[in-house]
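In what follows, a structure is listed as structure tokens, so that the remarks can point back to it.
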Amino acid sequence: MPNKTIQVDLLARVEGEGAFKVVVENGRVTGTEFRIFEPPRFFEAFLRGRQYSEAPDITARICGICPVAYQMSSVHAIEAAFGVNVDDRIRTLRRLLYCGEWIESHVLHVAMLHAPDFLGFEGAFDMAAAGHDAAVKMALELKKAGNEIVSVLGGREVHPINVRVGGFYKAPAKRDFAHLRESLLRARDLAERFVDWTASFDFPDKERDYTFVSLRHPNEYPMNNGQIVSNRGLNIAASQFNDHFREEHVAHSNALQGFMTDGSAYLCGPLARYNLNRHLLSERALAAAKRAGLQETCLNPFKSIIVRAVETLYAVDEALRIIDGYEEPDAAYAEVVPRDAVGMAATEAPRGLLFHRYRLTADGAIAEAQIVPPTSQNQPTIEADLASFIGDLLDRPEDEIRHLCEQTIRNYDPCISCATHFLKLDIVRT
Amino acid sequence: MAGKKPRVGVFKFSSCDGCQLSLLDCEDELLAVAGAIDIAYFPEATRADDVGHYDLALVEGSVTTPHEAKAIQSIRERATSLITIGACATSGGIQALKNMADVKAYTAIVYARPEFIVTLDTATPISDHVKVDFELRGCPISKHQLIELISAYVAGRKPQTPPHSTCIECKLAGHVCVMVSKGVACLGPVTHAGCGALCPGYNRGCYGCFGPKETPNTASLSGQLSENGASAGTIHRLFSTFNVNAPAFRAEAKAHAE
């Protein structure tokens with residue numbers, strides 16, 4: 001096989017700046033590096049000395065795509081430290097807010113960032129111009145319903161202002177949901193079609209035997225609460241996270257990489273949630289999953305695009321259920337009394353498990369913060385996927401290899417702003 | 001250039017992606033906007049190389065690495081009009097907190113192998129590096145203001161983004177003043193309008209996402225905050241968030257350093 005170099009200077013359609021490098025020696029893939037060039041922003045450092053009450057607003061700024069996830073993990077971790085009990089109605093409102101973020105984030109990724117890979121376009125704009133405008137319009141309206149949840153409950157779509165430790169600054173009145181309910185009813189039909197649309201794509205025939213990690217709750221599809229579980233028997237509280245997972249700093253990335261403590265890679269995100277919690281989907285979402293041909297366990301990461309659509313439908317369904325059963329809480333938030341303590345929590349960001357740990361002092365100051373975003377955790381698995389999937393393609397045209405590499409990386413909806421961000425594909429052959 | 005669509009590039013520096021996402025969040029207007037301009041470069045949304053000249057460059061994020069300091073020069077040289085979107089690009093963003101800190105110590109807190117990290121000691125606004133033709137405020141920007149900005153650009157007029165205070169928007173919205181009625185600390189009197197006074201509408205004080213208004217009297221506000229019981233540390237932190245490097249906020253934060 002001739003020696004050659006394939007390079008893409010900036011991987012498009014991801015949130016952030018990343019790069020990729022494949023080393024091919026004598027026709028075999030001998031190394032893969034998923035590189036994150038997103039400039040470091042040092043959140044864990046400047047959280048030190050801030051008040052606990054500032055954590056939801058500050059950590060939201062890590063990512064404009066999934067700020068709710070940061071707000072949720074931070075408030076749960078701080079409440080765990082201070083022993084705050086939150087009213088069940090507040091807990092349900094948080095779940096509603098998360099539904100909104102899952103919808104807007106998943107639809108953005110599925111329709112605007114990932115679908116062009118399957119349909120052979122550069123992006124959603126040329127995809128719309130080439131006859132897929134109905135699909136793009138459907139996605140935009142669906143996404144808008146997700147954003148409407150976040151803006152009604154959170155104040156605005158990006159960096160919502162209504163989340164505080166203990167609950168919300170202001171709890172909505174039932175009537176505030178009237179217009180939203182209509183939007184969600186329309187969105188539910190759109191979401192059904194959205195699932196069918198993704199199921200109509202052609203999928204590369206690629207599977208791997210992954211370790212899946214997600215939250216699991218006894219009676220709801222996981223968002224804010226639950227044990228951290230895996231398909232290999234892991235079952236721990238979020239407070240044990242650091243006993244079972246570790247982060248490593250490698251030279252090629254500005255993001256730390258997550259591993260199990262035995263050094264193995266794992267996968268978090270929609271595919272893991274689905275495989276570990278399928279039985280907790282709503283009837284409608286489960287029916288759509290079956291119609292889309294998803295088996296009980298899905299090992300093909302390219303089909304994560306269908307799983308995202310199924311989770312979108314689930315989130316619309318769940319949001320409607322919450323709104324229909326909504327009762328205004330007696331107080332918008334629980335009182336919080338600081339103390340010297342450590343608190344940890346994990347919630348399910350659209351892209352997967354998001355772990356926060358805070359050491360706090362009795363005057364309410366943050367002494368230490370640790371944040372482990374899903375894209376950091378998925379980096380080693382992305383590298384392994386690339387090594388595995390392109391091995392039998394090395395004699396194909398470079399464009400085709402490059403395309404499959406990009407598509408493989410986008411299976412994870414990598415949020416490089418979160419993990420820190422810049423995708424550059426670099427295949428070195430010697 | 002009559003009849004020819006303006007060629008637009010959307011560029012990202014150190015940021016959270018939220019401001020450029022606001023463009024994709026314009027669900028009702030997005031396809032119309034995409035039809036009125038030629039989105040030639042927007043890596044978050046589409047695969048296309050950064051080549052050639054732009055009629056309009058929209059820039060998100062602040063300059064925090066040597067690579068970014070170089071990149072912004074090249075964009076400026078190739079753009080007729082350069083507009084910054086959001087607090088990071090117009091003032092440095094929350095990452096400008098490192099300007100007041102020891103960056104080596106920061107790196108050691110976050111990264112096990114600090115020698116792998118290349119970063120400047122400061123996070124600075126785009127206008128510290130090149131001429132900026134217009135600045136859109138906010139952390140994040142308002143998508144309504146973004147649509148206004150693009151419409152104004154296409155029509156060849158100045159965008160309507162009033163530089164008065166959030167306090168004025170709050171009065172127009174008919175909210176009860178949270179500072180007067182509840183003693184809640186609020187930056188509304190010194191913060192640039194644009195969000196529609198969201199926070200007071202949700203029973204909380206403004207925390208300054210849009211940065212300083214024109215000619216803000218920050219010292220007077222601090223006096224009132226202090227009278228209401230806020231400690232120097234609290235006032236310092238209030239001015240030390242997403243626009244900490246905007247001169248008026250930076251000076252006021254410094255005046256109350258613990």
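The values are calculated or read from the model by the stated rules, or taken from the named source; none is laboratory data. Everything numeric here is computed off the predicted structure, so don't read it as measured data. So basically every Cβ, Gly included, is an ideal-geometry build from the backbone, and we count neighbours across all protein chains shown.
Is it true that some residue in the stretch A:77-84 is in contact with a Cys (Cβ under 9 Å, 6 or more places away or on another chain), modelled with pLDDT of 95 or more and on the phi < 0 side of the Ramachandran plot? No, the conditions are met nowhere in the stretch A:77-84. Out of (1) among the hydrophobic types (A, V, I, L, M, F, W, C); (2) out of contact with any Asp or Glu (no Cβ under 8 Å at 6 or more places or on another chain); (3) not in a helix (DSSP H, G or I), the odd one out for B:ALA108 is which? Here B:ALA108 clears every test but (3).
Evaluation of B:VAL51 against the conditions (1) within 12 Å of chain A (Cβ to nearest Cβ); (2) surrounded by fewer than 16 Cβ atoms within 10 Å (Cβ to Cβ); (3) touching a Leu at 6+ places or on another chain (Cβ under 6 Å) shows that the sole unmet condition is (3). Listed by first and then second residue, the pairs linking a residue in the stretch B:201-212 that is assigned to a loop (DSSP other than H, G, I, E, B) to a residue that is acidic (Asp, Glu), with Cβ atoms under 7 Å apart and 6 or more places separating them unless they lie on different chains, are B:TYR207/A:ASP57. Restricting attention to the stretch B:117-148, the residues that are touching a residue at least 60 places away in the same chain (Cβ under 8 Å), surrounded by fewer than 21 Cβ atoms within 10 Å (Cβ to Cβ), touching a strand residue (DSSP E or B) at 6+ places or on another chain (Cβ under 9 Å) and over 27 Å from B:ASN217 (Cβ atoms) total 1.
Taking the condition of being more than 7 Å from chain A (Cβ to nearest Cβ) and of a type in the set (A, V, I, L, M, F, W, C), how many residues in the stretch B:28-48 meet it? Qualifying residue count, the stretch B:28-48: 6. Among the residues of the stretch B:130-146, those that are away from every other protein chain (no Cβ under 14 Å) and under 16 Å from the mean Cα position of the chain (by Cα) comprise B:VAL132, B:ASP133, B:PHE134, B:GLU135. Close Cβ contacts (under 6 Å, 6 or more residues apart or on different chains) running from residues in the stretch A:182-202 that are on the phi < 0 side of the Ramachandran plot and free of Cβ contacts under 8 Å to residues at least 40 places away in the same chain to residues that are crowded, with 21+ Cβ neighbours inside 10 Å and part of a helix (DSSP H, G or I) comprise A:SER183/A:ALA145; A:SER183/A:GLU148. Within the stretch B:54-69, the set of residues being β-branched (Val, Ile, Thr), under 18 Å from the mean Cα position of the chain (by Cα) and facing another protein chain (nearest Cβ under 8 Å) comprises just one member, B:THR64.
Filtered by the rule that a residue be among the aliphatic types (A, V, I, L, M) and buried (at least 23 other Cβ atoms within 10 Å of the Cβ), the stretch A:139-160 gives A:ALA139, A:LEU140, A:LEU142, A:ALA145, A:ILE149, A:VAL150, A:LEU153, A:VAL158. Screening the stretch B:226-249 for residues that are part of a helix (DSSP H, G or I) and either within 12 Å of chain A (Cβ to nearest Cβ) or surrounded by 21 or more Cβ atoms within 10 Å (Cβ to Cβ) (or both) and picking the one that is farthest from the chain's Cα centre (by Cα) gives B:GLY233. Against the criterion of being crowded, with 24+ Cβ neighbours inside 10 Å, in contact with a Ser or Thr (Cβ under 6 Å, 6 or more places away or on another chain) and in a helix (DSSP H, G or I), B:THR84 does not qualify.
Do we have B:GLY18 as touching a Cys at 6+ places or on another chain (Cβ under 8 Å) and either more than 11 Å from chain A (Cβ to nearest Cβ) or touching a residue at least 12 places away in the same chain (Cβ under 8 Å) (or both) here? Yes: the conditions hold for B:GLY18. What is the number of the single condition among (1) buried (at least 24 other Cβ atoms within 10 Å of the Cβ); (2) part of a helix (DSSP H, G or I) that A:MET127 does not meet? Among (1) buried (at least 24 other Cβ atoms within 10 Å of the Cβ); (2) part of a helix (DSSP H, G or I), A:MET127 violates only (1). Taking the numbered list (1) under 16 Å from B:ASN243 (Cβ atoms); (2) at pLDDT 95 or above in turn, B:ILE168 passes all entries but (1).
Taken as a whole, the structure places B:SER127 among residues that are at pLDDT 95 or above, in a helix (DSSP H, G or I) and more than 18 Å from B:THR191 (Cα to Cα). Looking at B:ALA108, B:ALA2, just one residue is within 12 Å of chain A (Cβ to nearest Cβ), surrounded by fewer than 18 Cβ atoms within 10 Å (Cβ to Cβ) and modelled with pLDDT under 85, and that residue is B:ALA108. Kindly establish whether A:HIS109 is under 23 Å from the mean Cα position of the chain (by Cα), closer than 29 Å to A:VAL307 by Cα and within 13 Å of chain B (Cβ to nearest Cβ). Spelling it out, A:HIS109 is indeed under 23 Å from the mean Cα position of the chain (by Cα), closer than 29 Å to A:VAL307 by Cα and within 13 Å of chain B (Cβ to nearest Cβ).
On the given criteria, is A:VAL84 more than 12 Å from chain B (Cβ to nearest Cβ) and in a loop (DSSP other than H, G, I, E, B)? Against the criterion (more than 12 Å from chain B (Cβ to nearest Cβ) and in a loop (DSSP other than H, G, I, E, B)), A:VAL84 qualifies. Out of B:GLY196, B:GLY208, one residue alone is surrounded by 14 or more Cβ atoms within 10 Å (Cβ to Cβ), out of contact with any Phe, Trp or Tyr (no Cβ under 9 Å at 6 or more places or on another chain), within 12 Å of another protein chain (Cβ to nearest Cβ) and closer than 25 Å to A:LEU153 by Cβ. It is B:GLY196.
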